[in-house]
Amino acid sequence: MINSFQHKILFSILIILMVTLFIFNISLGSVTIPTNEIIKGLIGQRMEKESWEIILFQFRFPKAITAVFVGFGLSISGLLMQTLFRNPLAGPYVLGLSSGASLGVAFVILGSTLLPATIATFFLSSYGLTLASALGSFTVLSAVLIVAKRLKDTMAILIVGLMFSSFTSAIVSILSYFSTAEQLQKYTFWSLGSISNLSWKEVVILIFLVSFGILLSILVIKPLNALLLGERYAKSIGVNFKKTRFIIIIATSVLAGSITALVGPIAFIGLAIPHMAKLFFKTSNHSILLFGTLLLGGILMLICDSIAQLPGSDLTLPINAITSIFGAPIIIWLLVRKRKIQL
């Protein structure tokens, strides 16, 4: 157990680390921009070359902002799921939320020819994809919760989540079979995950929705602490469980759904980051854990994106592959080091 002063030190270190990684991330690319010029641009001063300003503010800055908010959103949704289900293996990817979001997007991209032109045009826009993805995520999470009420074994709940994931994957496979080559190519590129293709308009949508999800999460910090000791205990101290669960479902659906819609499915972050936060901060108090998880999520996404850019080359790897390759050893190391993860 560490005290509040040590928590403040840890928060300060993480904030400094995130700012440093943010500047390092936007310094990467085929065009070299001196760090002092980047800092001048970020604080509102004119840079030496106009082309540097275009590269910085039209491409690199929105990508880095996207990485940070994707990390924020996925890590918080993972923490909410792990606390709600009281299971350290719960997360948006494991419970099928990402698959549900993918199904929503697959219906829109692969099934757009079946829809009237006006409706298809709306759903193929940023707003439409986000709405379809959030609805898919919400549907799967609601289904998992309905089944979970009949199951006492938390491991069985995870298996149910995996089954829903397999079910949605099967529907996507059927849609893919009847799709055109152009639709398949569009869906395949989306499923690889990318945070570099978002316009400023889409970045603003992402920031708004992730901020909304985080705000909802902050509202249930106290109930989340009570839920650590079980549903009955939470009810005994006056927590409105149905209301709390509804807020958690909405927050998780908005976070996982909007992020998956805009950047594609991103694995590992939602599962591993809450464990890292518990390890670093050595507490289960969500008033500390939530913000620690949030910062670590942003930091890890910046690291993964920096690796994906393959510094020194013009190539960029799919971010989803990097989060998995980079994250799997970390989660194994955490599990071995901690031996037994406890909420």
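The values are calculated or read from the model by the stated rules, or taken from the named source; none is laboratory data. Being a predicted model, the structure only gives us computed values, none of them experimental. Positions of Cβ are backbone-derived with ideal geometry, glycine not excepted, and every protein chain shown enters the neighbour counts. For accessibility, only protein heavy atoms count, side chains too; no ligands or nucleic acids. Shrake-Rupley method; radii C 1.70, N 1.55, O 1.52, S 1.80 Å.
For the chain, what is the charge dipole size about the Cα centre, in debye to the nearest 20, if Lys and Arg each add +1 at the Cβ and Asp and Glu each add -1 at the Cβ? It would help to have the intermediate numbers written out before the result.
Values: 24 positive and 10 negative charges, 321 e Å.
Charge dipole of the chain: 1540 debye, to the nearest 20.
If you take the charge dipole of the chain about its Cα centre, with +1 on Lys and Arg Cβ and -1 on Asp and Glu Cβ, which of G96, L80, L114 is farthest toward its positive end?
Selected residue: L80.
For the chain, modelled as a GNM with alpha-carbon contacts under 10 angstrom, which of G298, G270, G111 fluctuates the most?
G111
What aspartates and glutamates does K242 reach when the alpha-carbon gap must be under 13 Å and sequence neighbours fewer than 8 apart in one chain are set aside?
Leaving aside aspartates and glutamates fewer than 8 places away in the same chain, those within reach of K242 are E231.
Near the amide H of S284, under 5 Å away, which other amide H atoms are found, from residues 5 or more places off or on another chain, if H is placed in the peptide plane?
none
Please report, in cubic angstrom per residue, the volume enclosed by the convex hull of the alpha-carbon atoms of the range 200-343. Kindly include the intermediate steps, with their values, before the conclusion.
Numbers: hull volume 17.0 nm³, N = 144.
Spelled out: Cα convex hull of the range 200-343, divided by residues, is 118 Å³.
Using 0.36 nm times the number of residues separating S30 and K243, minus their current alpha carbon distance, what extension gain do you get? Walk me through the numbers on the way to the answer.
Values: separation 213, 0.36 × 213 = 76.68 nm, distance 4.99 nm.
Taking S30 through K243 to full extension adds about 71.7 nm, to one decimal.
Please calculate the 1.4 Å probe accessible area of H275, with all protein chains present, and give it to the nearest 10 Å².
Taking all protein chains as shown, H275 has close to 10 Å².
Kirkwood Rh, Cα Rg: Rg to Rh for the chain?
Details: Rg = 20.3 Å, Rh = 20.8 Å.
Rg/Rh: 0.98.
Between S176 and V147, what is the spin-label point distance in nm, taking each point 7 Å from the Cα along the Cα→C-beta axis?
2.1
Of the residues A64, A117, A328, which exhibits the maximal mean-square fluctuation in a Gaussian network model of the chain defined by a 10 Å Cα contact cut-off?
In the Gaussian network model the winner is A117.
Answer with one residue from F280, T260, L300: the one whose Cα lies farthest towards the positive end of the charge dipole of the range 194-319, charges on Cβ with Lys, Arg +1 and Asp, Glu -1.
F280
Could you give the distance between the Cα centres of the range 1-25 and the range 69-120, to the whole Å?
Value for the Cα centre distance between the two parts: 29 Å.
If each residue of separation counts as 0.36 nm, what is the full-extension length gain between K235 and T121 once their alpha-carbon separation is subtracted? Display every interim value, and only then the final one.
On the way: separation 114, 0.36 × 114 = 41.04 nm, distance 4.62 nm.
Between K235 and T121, full extension yields an extra 36.4 nm.
Could you give the length gained on full extension between V19 and M163, defined as 0.36 nm per residue of separation minus the Cα-Cα distance, in nm? Mind showing how you got there, number by number?
On the way: separation 144, 0.36 × 144 = 51.84 nm, distance 4.00 nm.
Result for the pair: 47.8 nm of gain on full extension.
How big is the gap, in Å, between the Cα center of the range 163-235 and the Cα center of the range 306-328?
If you average the Cα positions of each part, the centres end up 21 Å apart.
Would you work out which of S137, V105, I65 lies farthest towards the positive end of the dipole of the chain? Charges go on Cβ: Lys and Arg +1, Asp and Glu -1.
Farthest towards the positive pole: S137.
Quick one: Karplus J couplings for the range 173-182, per residue in order, coefficients 6.51, -1.76, 1.60, θ = phi - 60°, nearest Hz, x for Gly and Pro?
Each residue of the range 173-182 in turn: 4, 5, 4, 5, 4, 9, 9, 7, 4, 5 Hz.
Could you provide, to the nearest whole Å², the per residue accessible area of the range 86-224 with probe 1.4 Å?
Numbers: 7240 Å² over 139 residues.
Heavy-atom SASA per residue in the range 86-224 reads 52 Å².
Hey, what number do you get for the chain at 222 nm if only DSSP H runs of n ≥ 4 count, each worth -39500 (n - 2.57), divided across all residues, to the nearest 500? Could the numbers behind the result be given before it?
Values: 16 runs with 255 residues, N = 343.
Theoretical 222 nm ellipticity from helices: -24500 deg cm²/dmol.
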